[in-house]
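Okay, structure first, notes after.
Values quoted throughout were computed directly from the atomic coordinates according to the rules given, and no laboratory measurement underlies them. Computed from a predicted structure; not experimentally measured. Positions of Cβ are generated from backbone atoms using ideal geometry, with glycine treated the same way; all protein chains shown enter the neighbour counts.
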Amino acid sequence: MPEWIFPWMHLASRILFSLFLVVFGLMHLVSPRIAEYFGTKEIPGPRVVAWAMGVMVLVGAVFVAIGYYRFIGAGLIFLALFPAGWALHPFWKETDPAVRLTEMAQFFKVLALAGAALFVAFYSNTVWPLSLGG
């Protein structure tokens, strides 16, 4: 594979990872349904938690996408998502098989994104091509 493609692959992977998270973060900031859902899961202060989670994910995603303060950005994403998976999608508590399957899928999606954020954090101290550094 030609060497010139690797920096562009790095940039594309950061943008693709961050794009989903930017939309996810914005939804938490503007949609009242997110806070309502948090309330159904007995999350204390659901509006504040939804807003804080949205800000953390949004800021983290932008930092990762542009490669600026990427360890902090990845850390914000991880700190928002990892506890959310456990608190919002406890599939092991569900008795209805369809609901259990849906919650399991959501749980592992959130866990995978949190794991990807850890992976980004691990490589944050290396040189990132086509980034702002920091």
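Data table
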{"item": "The one condition in (1) under 17 Å from the mean Cα position of the chain (by Cα); (2) exposed (fewer than 15 other Cβ atoms within 10 Å of the Cβ) that V49 fails to fulfil", "result": "(2)"}
{"item": "Qualifying position, being closer than 15 Å to A117 by Cα, aliphatic (A, V, I, L, M) and without any contact (Cβ under 8 Å) to a residue 40 or more places away in the chain, among L26, L58", "result": "L58"}
{"item": "Counted residues, the stretch 33-48 - those being free of Cβ contacts under 8 Å to residues at least 12 places away in the same chain and outside any loop (DSSP other than H, G, I, E, B)", "result": "6"}
{"item": "Residues of the stretch 112-133 classified as under 28 Å from A84 (Cα atoms) and not aromatic (F, W, Y), total", "result": "11"}
{"item": "Residue check, L29 buried (at least 17 other Cβ atoms within 10 Å of the Cβ) and not small (G, A, S)", "result": "no"}
{"item": "Sole residue being touching a Leu at 6+ places or on another chain (Cβ under 9 Å), within 24 Å of W8 (Cβ to Cβ) and among the hydrophobic types (A, V, I, L, M, F, W, C), chosen from A114, A61, A50", "result": "A61"}
{"item": "The stretch 75-134, subset in contact (Cβ under 8 Å) with a residue 60 or more places away in the chain and part of a helix (DSSP H, G or I), residue surrounded by the fewest Cβ atoms within 10 Å (Cβ to Cβ)", "result": "A116"}
